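Input: a single structure, listed below in structure tokens.
Throughout, read-outs are computed from the coordinates displayed, never taken from laboratory work. The structure presented is a predicted model; accordingly, all values stated were derived computationally and were not measured. Note that we place each Cβ from the backbone using ideal geometry, even for glycine, and neighbour counts take in every protein chain shown.
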């Protein structure tokens, strides 16, 4: 018996972090990744497709998001700094095997922590992942002299380490 | 401990990999590792997940101004949905739409985006509730009209929208609407500048105007009735400005048809030709690559002129060896940087030169500030603009793809202060302090490859009250080192009026703001 619309929605929302992350790996823009995820959800509930099992739905959603991301990337970027497609395929397989093991309520933890971070750290995080700037562009905007400074800040962030 | 360090090193390398900042060999190595090592892939995955989660958290924090906590908590089955949706405001908004298909009702917070002034025919919110005059519209609301029309007014900005059936649009935020189908006419008052209409094909940003956008299955269409709008290019790299009478069609198949008005508004070039320098002038020279076969090696590189200047800037303007292979025009007198520079290389005697590799002007000398205190530069140039004081760069107002970005010069962009064709508005540098003594100044300004050059360079003194434009932008002083001649003054005033009329920025000309040249230097 195919999954109902409600089951599809519920499962996609559970897998949202991973499907959006798959899109982000290609487009490197969290807002675009979010749009791609939303489109994937809409396609799943409005297109004439049915899924017999959650694994099939996850695979379909991952491939759809990845294809939409690549289309977006090809349409919007001049120079390719994209990730090797073989690596994306391997990540797909990795996730396919463990997608049902959520890593806890990391979003809640993250949101609470973000509000308590020192101003500069919070700004670096926001610029990097909310505004989608590269380390170099962040260095420009907050007067850190080297983009290595931004990379170090992100690497040494205890806050992000907890999420790895 | 060692293991942690190794992980940190890999994490840092992956960040560089994602930014495209690894050398070829390093990139190949990291890709090899990612293909063979699951742990490395997990670390890469965790960066992607962090990006998504941080963006979510940022959105939620940002959304708190518009969506009250009460509203989120009053959402049906909130704990289930918080778990299922990861708590993201964006997802909650998406679900407001989706869940109507399974019959949910939400309560609205009192913070609304816009109000329905008038409606005729059949109009619904989120496919369910009939719309009537006086209804409030909230972030995420989707309006559909099968017949008739709807007139709405935005709460904060006063943006007025008239939509006609068939219409399908989504209220994204106080500054953004997503037009999925139908036609809307917008009248945007000055406080609404920057309002964005998104269609499936393009984003249209209002720059103070009235315009019509239509979206259909075939594509979208923009017609400017009055004022100016900016339309994002397909690759987001630049914006096409449109003025009154301009029409553009964007097909779903990628076809674009521009019908641009013949008298396209753009910033003028000051008519007075560049003068030769005198004793009171800041001296400059214009440089470009020689028009000879020796430039063949440059063909495959981009923005070669700015890269050529980097060693000069990095050396505090001492190492001139990088300029040796360039040709130069006539000696120049600095008379401000303002307006268009389409014919500047020719008028400044830089002929012949290799036009495809661009040109650069370098002004240099010792100047004395009008007063001691703290100053900062404002401006923008398409393509390059940089100012150094005593050999240290204090302002970089170039386009975002300029090689000058490598210099990591502190810069803030101000989208709410329109500036020429800069979508990010005026750029400002960091404050710097000067005493009464003379300082070395170096100004570098130029073009990457064609003739569509424009620029503006202003200076602000801390604590000074500047007059404001009607849209609330301070008129900082045009950076000058000597008073303009009468003719120049008249031209500047005309140009300022043109800029203000077209909402392209503004400036002031203050007698007590000149940075007088004390030691003119030939270059």
(request) Sort out for me the Cα centre separation of the range A:6-38 from the range B:328-395, rounded to whole Å. (result) 47 Å
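Which whole number gives the average, over all residues in B:21-29, of C-beta atoms from other chains lying within 10 Å of the residue C-beta? Let's see the in-between values first.
Details: counts 6, 1, 0, 0, 0, 0, 2, 1, 0.
For this peptide, the per-residue mean of nearby foreign Cβ atoms is 1.
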(request) Ignore the peptide's own chain and count Cβ atoms of other chains within 10 Å of each Cβ in B:357-367; give me the average, rounded. (result) 0
(request) Please say if the range B:376-473 is rounded, prolate or oblate, where rounded means a/c under 1.5 for a ≥ b ≥ c the square roots of the C-alpha gyration tensor eigenvalues, and otherwise the choice is prolate for a/b larger than b/c and oblate otherwise? (result) oblate
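What ranking of B:201, B:491 emerges when the number of other C-beta atoms within 10 Å of each C-beta is taken as an exposure proxy, fewest first? Write down the numbers at each step before the final one.
Details: B:201 23, B:491 19.
The most exposed by this proxy come first: B:491, B:201.
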(message) Shape verdict for the range B:315-356, please, from the Cα gyration tensor: rounded (a/c under 1.5), prolate (a/b greater than b/c) or oblate.
(response) oblate
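Grab the Cα-Cα distance for residue B:38 and residue B:279, subtract it from 0.36 nm times how many residues apart they are, and report the gain in nm with one decimal. If you can, show how the numbers build up before the last one.
On the way: separation 241, 0.36 × 241 = 86.76 nm, distance 6.94 nm.
Taking residue B:38 through residue B:279 to full extension adds about 79.8 nm, to one decimal.
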(message) Based only on other Cβ atoms within 10 Å, what is the fewest-to-most ordering of B:400, A:10?
(response) B:400, A:10
(request) Take each of the peptides B:331-339, B:492-500, average the number of other beta-carbon atoms within 10 Å over its residues, and list them starting from the highest. (result) B:331-339, B:492-500
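Can you give the average number of partner chain beta-carbon atoms within 10 Å of each beta-carbon in peptide B:12-20, as a whole number?
Mean number of neighbouring Cβ atoms from other chains: 6.
Would you mind putting B:460-466, B:363-369 in packing order, based on average other-beta-carbon counts within 10 Å, highest first? Walk me through the numbers on the way to the answer.
Values: B:460-466: 13.4, B:363-369: 20.9.
For the peptides B:460-466, B:363-369, the packing ranking is B:363-369, B:460-466.
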(message) Rg and Dmax in Å for the range B:177-255, alpha carbons only: what are they?
(response) 11.3, 35
(request) Please work out the ratio of the alpha-carbon Rg of the range B:184-230 to 2.2 N^0.38 Å and round it to two decimals. (result) 1.07
(message) Give me log10 I(q)/I(0) at q = 0.20, 0.28 Å⁻¹ for the range A:1-68, Debye formula, one equal scatterer per alpha-carbon, no solvent.
(response) -0.70, -1.27
